[in-house]
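A short write-up of the structure that comes next.
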Amino acid sequence: MADFQIFEQSIQISASATAVEQCLIDLELMHRWLNPALRCEPVGVWSTELGGKSRFLIQTPLAQPALYSTVVEREPGLIVWEFRGFFQGRDRWECQPTSTGTTLINRFEFRIPNPVIRYGFNTFAAEWTRQDMQAQLRRLKRVAEALYNSSQTAPKK
């Protein structure tokens with residue numbers, strides 16, 4: 001499909017895969033690293049298990065366009081949200097343990113069905129989106145490393 005796009009980025013995080021995954025599944029932690037203009041809300045009860053539903057709102061002054069998502073793949077260290085709205089596709093997050101922590105890979109596969117919106121995105125927002133994905137990964141890295149470090153220094157019970 002000619003209008004199908006893939007943005008993939010990764011980052012090395014000095015934290016366990018469990019700590020990194022916690023940043024993906026805990027809604028409060030997620031809001032620490034998401035773009036501040038993006039808000040994730042559960043549809044029903046919050047869940048990142050298979051079938052869990054959520055809505056991502058882009059908070060702009062004039063409107064709040066939404067992407068509706070469903071968890072379609074789930075296993076330890078892997079969450080794939082499938083979404084629909086003005087974008088259609090998948091957002092894949094995979095934690096790969098390494099000898100020094102975790103490599104986090106984010107793969108955003110999407111198409112924009114509306115040709116006017118697709119043109120606007122490709123002309124004005126595609127590069128900003130790539131940069132925002134990198135910034136999100138850097139923020140997630142800080143949150144995961146802080147979470148991991150605090151769990152390592154917490155008194156043992």
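What the table below lists for this structure:
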{"item": "Distance between modelled label sites at Arg84 and Phe4, nm, 7 Å Cα→Cβ extension", "result": "1.8 nm"}
{"item": "Vicinal HN-Hα couplings computed from phi for the range 98-103 (Karplus, 6.51 cos²θ - 1.76 cosθ + 1.60; Hz; Gly/Pro x)", "result": "10, 5, 10, x, 9, 9"}
{"item": "Carbon and sulfur %, accessible surface of the range 7-146 computed with the full protein complex present, 1.4 Å", "result": "54 percent"}
{"item": "Three-way shape call for the range 94-157 based on the alpha-carbon gyration tensor, with the a/c threshold at 1.5", "result": "prolate"}
{"item": "Low-density loop positions, GluC sites (Glu not before Pro), the range 58-157 - DSSP coil, at most 16 other Cβ in 10 Å", "result": "none"}
{"item": "Residue-normalised accessible area of the range 57-108, given per residue in Å² at a 1.4 Å probe", "result": "51 Å²"}
{"item": "Lys/Arg +1, Asp/Glu -1 at C-beta; the chain dipole; positive extreme among Gln152, Cys23, Ile79", "result": "Gln152"}
{"item": "Angle between the chain longest axis and helix 126-153 axis [Cα atoms, degrees, rounded to 10]", "result": "20 degrees"}
{"item": "Neighbourhood net charge (12 Å Cβ-Cβ; Lys/Arg +1, Asp/Glu -1) for Asp132", "result": "+2"}
{"item": "Probe 1.4 Å, all protein chains present, accessible-area order of Lys53, Lys141, largest first", "result": "Lys53, Lys141"}
{"item": "Per residue accessible area of the range 111-157, 1.4 Å probe, in Å²", "result": "69 Å²"}
{"item": "Value of [θ]222 nm, deg cm²/dmol, for the chain, DSSP H segments ≥ 4, -39500 (n - 2.57) each, nearest 500", "result": "-10000 deg cm²/dmol"}
{"item": "Extension gain from Asp132 to Glu75, taking 0.36 nm per residue of separation minus the Cα-Cα distance", "result": "17.9 nm"}
{"item": "Theoretical FRET efficiency, 1/(1+(r/R0)^6), r = Cβ-Cβ of Ala146 and Ala37, R0 25 Å, to 0.05", "result": "0.65"}
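The values are calculated or read from the model by the stated rules, or taken from the named source; none is laboratory data. All figures in this text were calculated on a predicted structure; none of them were measured in a lab. Note that each Cβ is placed from the backbone with ideal geometry, even for glycine, and that neighbours are counted across all protein chains shown. Just the protein is used for accessible areas: all its heavy atoms, side chains included, with ligands, DNA and RNA removed. Shrake-Rupley method; radii C 1.70, N 1.55, O 1.52, S 1.80 Å.
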